[in-house]
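Beneath this line is the structure, given in structure tokens, with notes to follow.
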Amino acid sequence: MFFIVSKLSYYFLSPLFWILILATLAWKINNSKQKKVLTWITIASVYLFTQSIILSELYRFWDTPPRPISEVKKHEIGIVLSGMAHYNHYTNSLQINRSADRIWQALNLYHAKKIQKILISGDSGSISEDGLHEALQMKNNLVKWGIPANDILIETKSRNTVENARETKKLLQKLKLFPTDKNKALLITSGLHMKRAKAVFDKAQIPVDCFSTDSALSEERNYGLSDFLLPNLELFHPWTNIMKEWIGYIAYSAMGYL
């Protein structure tokens with residue numbers, strides 16, 4: 001039930017959804033004073049959620065910054081969390097998204113000999129069957145690209161971060177590859193997702209170091225006048241992503257997963 005509720009709630013997190021609700025209420029309401037208040041709230045919401053500087057600073061607060069591969073010590077296992085692709089039914093193949101930087105960086109770490117094995121954790125995060133079996137399909141692609149099959153471990157049961165940790169723990173214990181405090185695994189996921197993921201793995205008592213990917217951060221704040229004045233309608237999706245992480249962190253904490 002928690003899985004279904006968490007997936008359905010994602011669709012109500014978009015600022016655009018709530019702006020449309022406010023606009024509809026402002027249009028429908030008859031009380032002139034309330035109509036005026038709702039209209040100004042709607043205008044203010046549009047301004048707030050289309051200003052890149054506001055979103056950038058919130059990302060800077062929540063995102064776990066990346067680090068150069070050269071600074072990463074050697075690990076036996078690199079744990080890559082799923083959520084990197086969806087299934088394209090026209091081509092009958094994986095189609096990657098921005099988060100696929102997770103597997104890209106894992107491959108870089110592998111070739112730099114910073115990790116000996118890549119463990120991909122996760123099947124599909126969809127409520128219904130959509131053809132996506134991410135860990136298995138991603139492994140098949142990596143083997144085709146020349147990565148030895150023995151160096152790619154997969155966990156094919158989990159559907160969210162909590163299950164990622166639980167099923168990964170079972171697999172590593174079964175394979176007698178469970179990390180220790182002196183020989184930790186390397187957790188590889190998006191910088192925006194890392195706080196929640198690390199907390200979940202800590203709660204599951206899986207010793208991990210962190211390696212963040214697909215970060216939108218830059219080391220310096222290079223804002224221009226347009227960042228303060230011009231609206232950017234493309235920001236609704238990034239807003240949804242960061243709100244998903246905030247709500248997810250609160251929900252996981254309330255459920256005792258952190």
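The values are calculated or read from the model by the stated rules, or taken from the named source; none is laboratory data. Here the structure is a predicted model, which means the values were calculated and not measured. Backbone-built Cβ (ideal geometry, glycine too); neighbour counts: all protein chains shown.
Tally time: how many residues in region 238-258 are free of Cβ contacts under 8 Å to residues at least 40 places away in the same chain and not small (Gly, Ala, Ser)?
1
Checking the condition on the phi < 0 side of the Ramachandran plot and over 21 Å from the mean Cα position of the chain (by Cα), which residue from ASN30, ASN97 passes?
Step by step, each of ASN30, ASN97 is checked, and only ASN30 is on the phi < 0 side of the Ramachandran plot and over 21 Å from the mean Cα position of the chain (by Cα).
Here is a list of conditions, (1) at pLDDT below 90; (2) crowded, with 20+ Cβ neighbours inside 10 Å; (3) of a type in the set (A, V, I, L, M, F, W, C), and LEU109 meets all of them except one; can you say which number that is?
Among (1) at pLDDT below 90; (2) crowded, with 20+ Cβ neighbours inside 10 Å; (3) of a type in the set (A, V, I, L, M, F, W, C), the lone unmet condition for LEU109 is (1).
Pairs under 8 Å by beta carbon, first residue among the charged types (D, E, K, R) in region 63-89, partner surrounded by 18 or more Cβ atoms within 10 Å (Cβ to Cβ) and assigned to a strand (DSSP E or B), six or more apart or different chains?
Matching pairs, first to second residue: ASP63/SER212; ARG67/PHE211; ARG67/SER212; LYS74/ILE115; GLU76/ILE115; GLU76/LYS117; GLU76/ALA185.
Select, from ASP209, ASP202, the only residue that is in the same structural domain as LEU171 (by TED's automatic domain parsing), closer than 30 Å to VAL72 by Cβ, free of Cβ contacts under 8 Å to residues at least 60 places away in the same chain and not hydroxyl-bearing (Ser, Thr, Tyr).
After ruling out the rest, the residue left standing is ASP202.
Among residues belonging to region 197-220 that are charged (D, E, K, R) and surrounded by 11 or more Cβ atoms within 10 Å (Cβ to Cβ), point out the one that is nearest to the chain's Cα centre (by Cα).
ASP214
Yes/no per residue for (1) within 23 Å of PRO65 (Cα to Cα); (2) in contact with a strand residue (DSSP E or B) (Cβ under 6 Å, 6 or more places away or on another chain):
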residue: VAL162; (1), (2): yes, no
residue: PHE178; (1), (2): no, no
residue: LEU186; (1), (2): yes, yes
residue: GLY191; (1), (2): yes, yes
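So, LYS7, is that one in the same structural domain as ASN232 (by TED's automatic domain parsing), modelled with pLDDT of 90 or more, among the basic types (Lys, Arg) and at negative phi or not?
no
Identify the single condition in (1) at pLDDT below 90; (2) surrounded by fewer than 12 Cβ atoms within 10 Å (Cβ to Cβ) that SER93 does not satisfy, given that it satisfies every other one.
For SER93, the exception is condition (2).
Across region 234-255, what is the total count of residues that are in contact with a helix residue (DSSP H, G or I) (Cβ under 7 Å, 6 or more places away or on another chain) and of a type in the set (Asp, Glu)?
The total comes to 1.
Given region 5-79, what helices (runs of 4 or more DSSP H) lie entirely inside it while holding 2 or more residues that are of a type in the set (Lys, Arg)?
The qualifying helices (runs of 4 or more DSSP H) are 32-49.
Can you list residue pairs whose Cβ atoms sit under 8 Å apart, with the first residue in region 218-231 being outside the structural domain of SER52 (by TED's automatic domain parsing) and the second being at pLDDT below 75 and hydroxyl-bearing (Ser, Thr, Tyr)? Count only pairs 6 or more apart in sequence or on different chains.
The qualifying pairs do not exist here.
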